[in-house]
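The structure under discussion appears below in the form of structure tokens.
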Amino acid sequence: MKSFSSEIESNHLVEVNWADRWQVYQRLKELDIPCSCTANQPLKVEIGSPMTAVQLWSVIRRLTASRQDQIWTLECCWKNRYQ
């Protein structure tokens, strides 16, 4: 009988603009998210939970979203919380 592993591969290559890659890497390290960033290689991130995936998305969005999109997001959050 073949045994199956329930372990899910959690290492992912993340395509980030080369100019932003180091900033993303540094922020992920601050958040204690396992990652690596070597010369001329894509950013590698270990995504072990849904929270980690959301944090990665948030870090990348902060660098890639336009200023107006970020303002709109903050305004929506503010309205939802205080209205």
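The values are calculated or read from the model by the stated rules, or taken from the named source; none is laboratory data. Owing to the predicted nature of the structure, the values given are computational and were not obtained by experimental measurement. Here Cβ is always computed from backbone atoms with ideal geometry, including for glycine, and neighbour counts include all displayed protein chains.
Quick look at the values:
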| item | result |
| --- | --- |
| Contacts under 8 angstrom Cβ, first residue in segment 59-71 being more than 24 Å from Asp32 (Cα to Cα), partner modelled with pLDDT of 95 or more and of a type in the set (Gly, Ala, Ser), 6 or more apart | none |
| Residues satisfying the stated conditions in segment 55-83, i.e. farther than 16 Å from Ala19 by Cα, of a type in the set (A, V, I, L, M) and surrounded by 11 or more Cβ atoms within 10 Å (Cβ to Cβ) | Leu56, Ile71 |
| Search result, residues across segment 1-32 that are surrounded by fewer than 14 Cβ atoms within 10 Å (Cβ to Cβ), hydrophobic (A, V, I, L, M, F, W, C) and at pLDDT below 90 | Met1, Phe4, Ile8, Leu13, Trp18, Ala19 |
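The rows are residues; the columns are (1) under 13 Å from Val14 (Cα atoms); (2) without any contact (Cβ under 8 Å) to a residue 12 or more places away in the chain; (3) assigned to a helix (DSSP H, G or I).
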{"position": "Lys44", "(1), (2), (3)": "yes, no, no"}
{"position": "Ala53", "(1), (2), (3)": "yes, yes, yes"}
{"position": "Thr73", "(1), (2), (3)": "no, yes, yes"}
{"position": "Cys76", "(1), (2), (3)": "no, yes, yes"}
{"position": "Asn80", "(1), (2), (3)": "no, yes, yes"}
